[in-house]
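The values are calculated or read from the model by the stated rules, or taken from the named source; none is laboratory data. A quick note: this is a predicted structure, and the numbers were derived from the prediction, not measured. Cβ atoms come from the backbone with ideal geometry, glycine included; neighbour counts cover every protein chain shown. These accessible areas exclude ligands, DNA and RNA; they are computed on the full protein's heavy atoms, side chains included. Shrake-Rupley method; radii C 1.70, N 1.55, O 1.52, S 1.80 Å.
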Amino acid sequence: MAEAEGGPDMVSFRELARRLVADGVVESISHQRVSQLSREDPDFPEVVKVGRSSAVDYRAAKPYFRDRVTRQGWRTDLKGTPPAPEGG
């Protein structure tokens, strides 16, 4: 892993998914889900194209995934928009 000083720690979506799980940030995630979030979530960290691949700075992505509120299993096609989280 890169030191705190220096340039960004750029990783592919596949490597990002692997590292997030290895570092215990998330229980599980696929590179396809990372790609989907990069397209749909305006708060997703900046994505840089490297050839045909996409890369993101791990130091920006880690806090994004750590602080992200998830609602796994919510079927928006059946139940509509999920309710707002309580206590917020």
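Of the residues Val26, Val11, which is in a strand (DSSP E or B), touching a helix residue (DSSP H, G or I) at 6+ places or on another chain (Cβ under 6 Å), open to solvent by less than 90 Å² (accessible area, probe 1.4 Å) and hydrophobic (A, V, I, L, M, F, W, C)?
Working: Val26 fails: in a strand (DSSP E or B).
Val11 is the lone residue from the list that is in a strand (DSSP E or B), touching a helix residue (DSSP H, G or I) at 6+ places or on another chain (Cβ under 6 Å), open to solvent by less than 90 Å² (accessible area, probe 1.4 Å) and hydrophobic (A, V, I, L, M, F, W, C).
Limited to region 39-63, what total is found for residues that are in a strand (DSSP E or B) and of a type in the set (Asp, Glu)? Step through it out loud before you land on a result.
So the first thing to find is which residues in region 39-63 are in a strand (DSSP E or B), and the list is 47-50, 53-57.
Okay, now just the ones that are also of a type in the set (Asp, Glu), so 57.
So the count comes out to 1.
Would you confirm, using the coordinates I've provided, whether Val21 is buried (at least 18 other Cβ atoms within 10 Å of the Cβ) and of a type in the set (Val, Ile, Thr)?
Numbers: buried (at least 18 other Cβ atoms within 10 Å of the Cβ): no; of a type in the set (Val, Ile, Thr): yes.
The answer is no for Val21.
Could you list all residues from region 45-69 that are touching a residue at least 40 places away in the same chain (Cβ under 8 Å), more than 14 Å from His31 (Cα to Cα) and loosely packed, with under 12 Cβ neighbours inside 10 Å?
If the condition is that a residue be touching a residue at least 40 places away in the same chain (Cβ under 8 Å), more than 14 Å from His31 (Cα to Cα) and loosely packed, with under 12 Cβ neighbours inside 10 Å, then Val50 is the only one that fits.
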